[in-house]
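Below: one structure, written as structure tokens.
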Amino acid sequence: MIDANAPKPIYEQIKEYILLQIQSGEYAQGDRIPSERALSETLHVNRQTVKKALDELIHTGHLSVQIGKGTYVSQRKFDMQLETLTSFTEEMMQRGQRASSRVLSQGISLATLAESHLLQMPTGASIVNIVRLRLADDMPMAIEHTQLVEAYCPGLLNGHDFSAESLYDVLLRQYAIRLVRAEQTIGARRATAEESSLLDVLPEDPILAITRITYGERGQRVEFTRSAYAGTRYLLQAVLKSARA
Ligand code: GLP
């Protein structure tokens, strides 16, 4: 397994061994890997060398440490689209994963003053509310509270099953609403007790709090969504252009 006479340094060989265990599923995502001592015994190498290999894999993000508990295989991070307007379903499809939802509640309400400003509707206008837990291959990723102007999508809640259907898809197919632009904000905070249980994260884990106002072709505000994304499962990436160019 480990060859002390090989030109490749021993700690590199240990790294390869651990990566192979991850690739083969022997160490699954989120699993605790054997301790330094156990690895040094299995691989017949000294503990300091195992430590060096583990430190590098922690640095590259393959492993992560939970203080007082041990070293774990990191969960693969999800890229969040920051430059294109996509639905949750599309983002998951692009990753080869299956999107689904658990509908936590849905119904019609009358716009409060704040909601009427956000959706540019008169106070008291009908608003469609849909609260969904969004899942990727059955793993909870986000809780989304969506509000839509009912006048643009009358009867939206009848005859649709938002545990399986994409909202953006229904808006396009049934109401011919093409969403062309969105304004999005991203903030960070800790998970509430309810969020941590729904998202299956620790209470102290970070939440990406995202708001999105989405516009149709005529410049009308169609959707306002407040989302709580499991922050530990995401990586935000963007391409930056020089301000001086
Ligand atoms: C993303 C956005 C939401 C939007 C949703 C639509 O998650 N953050 O604002 O409502 O996509 O997703 P779908 O069409 O999969 O229902």
Hey, among the residues in segment 177-197 that are small (Gly, Ala, Ser) and under 15 Å from the mean Cα position of the chain (by Cα), which one's surrounded by the most Cβ atoms within 10 Å (Cβ to Cβ)?
ALA191
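Let's see how each residue does on (1) of a type in the set (A, V, I, L, M); (2) in the same structural domain as SER227 (by TED's automatic domain parsing); (3) in contact with a Lys or Arg (Cβ under 9 Å, 6 or more places away or on another chain):
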{"residue": "SER100", "(1), (2), (3)": "no, yes, yes"}
{"residue": "MET121", "(1), (2), (3)": "yes, yes, yes"}
{"residue": "LEU157", "(1), (2), (3)": "yes, yes, no"}
{"residue": "ARG173", "(1), (2), (3)": "no, yes, no"}
{"residue": "GLU183", "(1), (2), (3)": "no, yes, yes"}
Among the helices (runs of 4 or more DSSP H) confined wholly to segment 6-116, which include 2 or more residues that are within 19 Å of the chain's Cα centre (by Cα)?
88-94
Within segment 114-170, restricting to residues that are on the phi > 0 side of the Ramachandran plot and touching a strand residue (DSSP E or B) at 6+ places or on another chain (Cβ under 6 Å), the one that is nearest to the ligand (Cβ to nearest atom) is GLN120
Every residue in segment 136-153 that is out of contact with any Lys or Arg (no Cβ under 6 Å at 6 or more places or on another chain) and at pLDDT 95 or above, please.
ILE143, THR146, GLN147, LEU148, VAL149, GLU150, ALA151, TYR152, CYS153
Filter result for the condition that a residue is at pLDDT below 95 and touching a Leu at 6+ places or on another chain (Cβ under 6 Å), over GLY159, GLY124, GLY231:
GLY231
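The values are calculated or read from the model by the stated rules, or taken from the named source; none is laboratory data. Please read these numbers as outputs of a predicted model, since none were measured by experiment. Neighbour counts run over all protein chains shown; Cβ positions are idealised from the backbone, glycine included.
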